[in-house]
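S.K.: Starting off with a structure, shown below.
Since every read-out is calculated from the coordinates, none of them should be taken as a lab result. Remember, it's a predicted structure, so these values are computed and weren't measured experimentally. Cβ placement follows ideal geometry from the backbone for every residue including glycine, while neighbour counts extend to all protein chains displayed.
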Amino acid sequence: METRLEAARQNVAAAKERLTENQNARRAVEKDVAVHQGRLSKFREQAMAVKTNQEYAAVQKEIGFAQGEIKTLEDRILELMVEADDLTATVKHAESELAAEQKSVEADRRAMTADHATLKASLEKIAAERAEVVRGLSAHTLAVFELVSSRRHGVAVAQARDGICMLCHVRLRPQVFNTVLRNDQIVQCDSCQRILYSVPATAPATTDSAPQPAQ
């Protein structure tokens, strides 16, 4: 979430930086225009005071050059103004995306906080239930369970069905499976070492009604 926010902040900062660069460039060009306008005014004053055609032609040449420079610079200012409009829109869009991202992140944080509280309560409940179960186990049984659990990524118990361990899918020896069916002692799979248990088969439903004799 912080990465998402930081990316949105960087987009805003980059857009603002480009807009600032545009504004600085425009101010620099405007200063150049002011310089050439000053020169143009000076040359026009000189044109009023010249006494020969040669001097007049030289001054007109300078006036034409200054006017050309001003025109070029003014065109550049117009380009920068159009670019500034686009950059301003980009800044507003980036700011809008940042605001939306902030709202999204805040909602995600609230959801995570709620999930954390739920998980914490569930963990506390499971821990209490486990403690109750552990109190009813012998030290040997608990030790076997903990050892298998540590070696089998937390899964220490497996169902045995139809003579097969349902986790490692290795067929059990008949006498081992028969012992598992009784569910009265700790029996481990010869292959994966998990503690085996059996789910008793459900007896088929019977009906109390008996067929009536023919009349």
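S.K.: Tell me whether region 139-197 comes out rounded, prolate or oblate; compute the Cα gyration tensor, take square roots of the eigenvalues as a ≥ b ≥ c, and use a/c under 1.5 as the rounded threshold.
M.R.: The shape class here is oblate.
S.K.: In addition: With 24 Å as the cut-off, how large is the P(r) tail for region 1-128, expressed as percent of Cα-Cα pairs?
M.R.: Considering region 1-128, 61 percent of its Cα-Cα pairs are separated by more than 24 Å.
S.K.: Where is the GNM fluctuation largest for the chain (alpha-carbon springs, 10 angstrom cutoff): His169, His116, His93?
M.R.: For the chain, modelled as a Gaussian network with Cα springs under 10 Å, the answer is His169.
S.K.: How many percent of Cα pairs in the chain exceed 23 Å?
M.R.: 76
S.K.: So which lysines pass the test for Lys31, namely a Cα distance under 19 Å, with those fewer than 8 places away in the same chain ruled out?
M.R.: Within reach: Lys42, Lys71.
S.K.: Report, to the nearest 10°, how far helix 2-49 tilts away from the longest principal axis of the Cα atoms in the chain, using its own Cα long axis and a range of 0 to 90°.
M.R.: The angle comes out near 0 degrees.
S.K.: Follow-up question, since we're still on this one. Does anyone have the angle between helix 139-151 and the longest principal axis of the chain? Alpha-carbon axes, 0 to 90°, nearest 10?
M.R.: Helix 139-151 sits roughly 40 degrees off the main axis of the chain.
S.K.: While we're on this one: Compute, for the chain, the length of the dipole vector about the Cα centre, with Cβ point charges of +1 (Lys, Arg) and -1 (Asp, Glu) only. Units Debye, rounded to 20.
M.R.: The dipole of the chain has a size of about 640 debye.
S.K.: Please work out how much length the chain gains when fully extended from Asp75 to Val155, using 0.36 nm per residue of separation minus the C-alpha to C-alpha distance, in nm with one decimal.
M.R.: Extending this stretch completely gives an extra 21.2 nm.
S.K.: When only C-alpha pairs under 8 Å and at least 6 residues apart count, what is the relative contact order of the chain, in percent?
M.R.: Rounded, it is 16 percent for the chain.
S.K.: Excluding residues fewer than 8 places away in the same chain, name every one of the aspartates and glutamates whose C-alpha is closer than 18 Å to that of Lys92.
M.R.: Correct list for Lys92: Glu6, Glu17, Glu21, Glu83, Glu101.
S.K.: Along the charge dipole of the chain, which of Ala15, Ile195, Gly68 sits closest to the positive end, that is, farthest toward it, with unit charges on the beta carbon of Lys, Arg, Asp and Glu (+1, +1, -1, -1)?
M.R.: Ile195
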